[in-house]
Amino acid sequence: MTVPIAGVFSGHLRHGQRVSAAIALAALALGGCSMTLGSLTNSPEPREEPAQITSAANIASLSETIKKNPDNPQAYNMRGSVLAQAGKTDEALADFNKAISLDPNYGQAFANRGQIYRKTKRLDQATSDYERALALDANYAPAWLGRGLVHKARGEAAQALEDFNKAIALRPDDAEAYYNRGLLYQSEKQHPFAIEDFSAANGLIPQEAEPLLGRALSYLALGQAKEAAADLDEAVQDDPNNAQAWITRGLAYERLGDKTKAAGSYGRAINLRPKDDAARSAFARVGGKPGQSYETF
């Protein structure tokens, strides 16, 4: 299952892309736990695989549509959304610019361009685009979410919270908004609130690892290792290649006194990230020995 990004890059397609969770190694010490994620969102419609969405054939098909409809801003916005998901940032930006030049009141294209600017650290330009989108449509939830992420990146917690609250009020079924508000609460060490939001996100996208991983970190911060371990058991089954989930699971079982499962979890993380010093140090700390097999469940 993939994690869609369509909640921010908005076209006339439903499309998904796995976004890996990245948690600072310092989070293992739970000093202001935080992690970053591109986007999560919930969609009631069937979702295509990212390889289908971002394939050369699909992009070529969209290009052919533009060739036939060169003055259609929606076509450029749609292709820009797909190009952005394919990592073709400059090409995506060019398409969003074209869409806006064709329709200066195209709020969705402004929000999408804002997402490109935010991801490339051009925060002033991102803010300008999100605010333009909101001026055109004050009920456009992705723009509230995007601007909230800019505020969060700038360390403006109060403003970020206001924007996340607005996004959730407008779209209470958007897992991405709950997830990011949970991260904000977590960074402010408001772990009970973070747990509520991660739980909401998990309820909307129950087979994704990231909300479970976020909730587990807050459980660990509150000294609830058993609850954290349960979440991490599920997280590593949903995403077996998530090294950070394995590391955090190792920490949960280490705190529970189960050194076998801890070593097994740290060992899986090392297999996925051989140069991860934190995983190697933790593996040695619980008595792990290279070449030895350990049960993980």
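Please order TYR178, TYR219 by the number of other Cβ within 10 Å, starting at the fewest.
Numbers: TYR178 28, TYR219 23.
Listed from fewest to most nearby Cβ atoms, that is TYR219, TYR178.
Sort all Cα-Cα distances of segment 167-285 into consecutive 5 angstrom bins from zero, then give the percent of pairs in each bin up to the one containing the longest distance.
2, 14, 21, 21, 19, 13, 7, 2, 1, 0
Grab the beta carbon distance between SER281 and LYS119, set R0 = 35 Å, and tell me the FRET efficiency rounded to 0.05. Could you put the intermediate results ahead of the total?
Details: r = 32 Å, r/R0 = 0.91.
The formula returns an efficiency of 0.65 here.
For SER55, SER293, SER81, SER281, which order do you get if you count the other beta carbons within 10 Å of each Cβ and list the fewest first? Please list the in-between numbers first.
Working: SER55 15, SER293 8, SER81 28, SER281 12.
Going from sparsest to densest Cβ surroundings: SER293, SER281, SER55, SER81.
Provide the FRET efficiency to the nearest 0.05 for the ASP173-GLN207 pair, computing r from the beta carbons and using R0 = 22 Å. Mind dumping the intermediate values first?
On the way: r = 16 Å, r/R0 = 0.74.
Efficiency, from the Cβ-Cβ distance: 0.85.
Arrange the peptides 184-195, 262-273 so that the one whose residues have, on average, the most other Cβ atoms within 10 Å appears first. Intermediate results must be reported in sequence, preceding the final value.
Working: 184-195: 19.5, 262-273: 23.2.
Put in order of decreasing packing, that is 262-273, 184-195.
May I ask you to sort LYS119, LYS68 by Cβ crowding, counting other Cβ atoms within 10 Å and putting the fewest first?
Working: LYS119 14, LYS68 9.
In order of increasing Cβ crowding within 10 Å: LYS68, LYS119.
For q = 0.17, 0.24, 0.28 Å⁻¹, what log10 I(q)/I(0) does segment 186-231 give under the Debye formula with an equal point scatterer on each alpha carbon and no solvent?
Results for segment 186-231 at q = 0.17, 0.24, 0.28 Å⁻¹ read -0.39, -0.76, -0.99.
Determine the alpha carbon to alpha carbon distance for each of LYS189/LYS259; LYS152/LYS259; LYS67/LYS152; LYS88/LYS226; LYS119/LYS166 and list only those over 31 Å. Could you put the intermediate results ahead of the total?
Values: LYS189/LYS259 28 Å; LYS152/LYS259 37 Å; LYS67/LYS152 39 Å; LYS88/LYS226 42 Å; LYS119/LYS166 21 Å.
Result: LYS152/LYS259; LYS67/LYS152; LYS88/LYS226 exceed 31 Å.
With a point put 7 Å past each Cα toward its Cβ, work out how far GLN292 is from SER128 in nm, to one decimal.
6.0 nm
Quick one: net charge of GLU196's neighbours, Cβ under 10 Å, K/R +1, D/E -1? Could the numbers behind the result be given before it?
Numbers: positive: ARG181, ARG215; negative: ASP197.
That works out to +1.
The numbers here are math on the coordinates, done by the rules we state, and not lab data. The structure displayed is predicted, hence computed values, not measured ones. Because the Cβ atoms are built from the backbone with ideal geometry, glycine has one as well, and the counts that use them run over all protein chains shown.
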